[in-house]
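Some notes on the structure that comes next.
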2 protein chains.
Amino acid sequence: MKAEHKELMKARRRNIRLTLAYDGTAYHGFQRQTPPVVVVQNILEEKLELVFGDTIELSASGRTDAGVHAHGQVVNFFTDGTIPIDRVCRALNSILPDDIVVTEAAEADRDFSALHSAKRKTYIYRIITGEVPCPFERNTAWYIRRRLDIDAMRRALSLLIGTHDYSAFRAAGGAPMSPVRTMDRADIEKEGRIITMTFRSDGFLYHMVRNIVGTVVDVGLGVKTPERFGEIIASLDRQQASATAPACGLYLENVEY
Amino acid sequence: MKAEHKELMKARRRNIRLTLAYDGTAYHGFQRQTPPVVVVQNILEEKLELVFGDTIELSASGRTDAGVHAHGQVVNFFTDGTIPIDRVCRALNSILPDDIVVTEAAEADRDFSALHSAKRKTYIYRIITGEVPCPFERNTAWYIRRRLDIDAMRRALSLLIGTHDYSAFRAAGGAPMSPVRTMDRADIEKEGRIITMTFRSDGFLYHMVRNIVGTVVDVGLGVKTPERFGEIIASLDRQQASATAPACGLYLENVEY
């Protein structure tokens, strides 16, 4: 039945790929759930049906959790709708809520899947420091009052680069997948009050970035050393790592195919 | 009666000056109104009363309209409360909503008035451009899709500098005050997708910045020339200027005393 339905969808003429930016503050994550829980996917599918005149079932590069943002989430779906591709962005943005924006729309090859074709993803995590919080960053960065040692954090992050078993940063509850991933970017920069960490990998485990950030912040606070951070990676034990960092600082930056 | 009440307030031992940042999106402006309309002043006074254990009536450098933001609004109030000044920021920020932040607290001279002692104010106005809007700037900048001619806007803005009668940009409904003001800064810069205009003057008329911005944007769009902008200033006629720019792009940047 499910396979049959999939074939039905694939019999449609067009495979459309969209890139999305959204402020996740108001949403219980990306992935479809039973209403009344408000998720990005439900709202997007509803508007896509208006624009394409078809029942739409989209597939995303992955889910994002409640309160997590995106600069470059990617989705695809099959449709027989006839709207020209260069009108799709404006048509959708005129009816989507202001906190969800379609930044690109393109015709994709028939075998393109936002989920299965993804080769690499980049996440960023933003922290705002300083004596007092900033009202404009309350939902878009993690506020930390105490001073952070950026050099120590950089040394810790560098230990993540390469192919590792990242079980120490894996939360219970994600989709089953191998905990061995290859990360080729894990760096940090500070500009004014804003600290930005960037992570790029062929895949991320459930809560992996937020668990890494929580632990790296403990290094920045002097609670843990960079050497201890290396031991935590090697331990493969979630109990050794620190608490999960808040969702509001996390952004799915882009997906490479 | 009112004067008597004022004396009563002035008999109190301390005059406290606070600097505030707030995201005005959720508020019907700064100034006290009858509930249930939510304004910044009501919320702030309620929290000040908790921290200072006094009935508080604050005075601000000026009101901001619904949806307008502040990086550096200044208020003062008289109190007999005994909390040490260096604990005021944290005490208030721990009980204020996240979109209002006290950034500085200081003991002021007895004759300091946030309203009457103000010598100069700076406002900034932010515009975001580009093919698609940005979900993270939906309440904090005016989104304009079409290309703006920054050089033409800069030439128009330069005509504002000096001492002028700004009646062409004055809306009905403000407090009565002379329309003659001295502006010593009116400039524009662009960084990536963000255009920022900065205005500094010894005083601003009701809706003055937003009316200026609306008209300068018409210059940027090529609807009006910089020369025409000069004629509009000289006309002293609000009907000659363009529509008021949206509140969401405007910030009270700071107040000088």
Enumeration of residues in the stretch B:148-165 that are basic (Lys, Arg) and touching a residue at least 60 places away in the same chain (Cβ under 8 Å)
B:Arg155
Which is among the acidic types (Asp, Glu) and surrounded by 15 or more Cβ atoms within 10 Å (Cβ to Cβ), of B:Asp237, B:Asp184, B:Asp218, B:Asp149?
B:Asp218
Given (1) touching a residue at least 40 places away in the same chain (Cβ under 8 Å); (2) among the small types (Gly, Ala, Ser); (3) more than 30 Å from B:Gly24 (Cβ to Cβ), number of the condition A:Ala186 does not satisfy:
(1)
Can you find, within the stretch A:242-254, the residue that is surrounded by the most Cβ atoms within 10 Å (Cβ to Cβ) among those that are assigned to a loop (DSSP other than H, G, I, E, B) and either among the hydrophobic types (A, V, I, L, M, F, W, C) or more than 19 Å from the chain's Cα centre (by Cα) (or both)?
A:Ala245
Residue hits (the stretch B:197-229; in contact (Cβ under 8 Å) with a residue 12 or more places away in the chain and of a type in the set (Lys, Arg)) are B:Arg200, B:Arg210, B:Lys224
How many residues does the stretch A:42-73 hold that are assigned to a strand (DSSP E or B) and in contact with a Gly (Cβ under 9 Å, 6 or more places away or on another chain)?
3
Over the stretch B:145-169, the set of residues of a type outside the set (D, E, K, R) and within 14 Å of another protein chain (Cβ to nearest Cβ) is none
Considering every residue within the stretch B:124-137, establish whether at least one is more than 14 Å from every other protein chain (Cβ to nearest Cβ) and surrounded by fewer than 15 Cβ atoms within 10 Å (Cβ to Cβ).
no
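This table checks each residue for (1) under 30 Å from B:Met208 (Cα atoms); (2) without any contact (Cβ under 8 Å) to a residue 40 or more places away in the chain; (3) among the hydrophobic types (A, V, I, L, M, F, W, C).
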residue	(1), (2), (3)
B:Leu20	yes, no, yes
B:Gly24	yes, no, no
B:Gln33	yes, yes, no
B:Val39	yes, yes, yes
B:Leu48	no, no, yes
B:Ile56	no, yes, yes
B:Gly81	no, no, no
B:Arg90	no, yes, no
B:Asn93	no, yes, no
Is there a residue in the stretch B:67-78 that is surrounded by fewer than 14 Cβ atoms within 10 Å (Cβ to Cβ) and either within 13 Å of chain A (Cβ to nearest Cβ) or closer than 15 Å to B:Asp23 by Cα (or both)?
no
Restricting to the stretch B:95-109, name every residue that is at the interface with another protein chain (Cβ under 9 Å from one of its Cβ atoms) and charged (D, E, K, R).
B:Asp98, B:Asp99, B:Glu104
Does the stretch B:12-34 hold any residues that are in a helix (DSSP H, G or I) and either more than 14 Å from every other protein chain (Cβ to nearest Cβ) or not β-branched (Val, Ile, Thr) (or both), and which are they?
B:Gly24, B:Ala26
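Only the coordinates and a few stated rules stand behind these numbers; no lab work does. Note that the coordinates shown come from a computational prediction; the quantities given were computed from them, not determined experimentally. With ideal geometry, Cβ positions are generated from the backbone for all residues, glycine too; neighbour counts draw on all protein chains shown.
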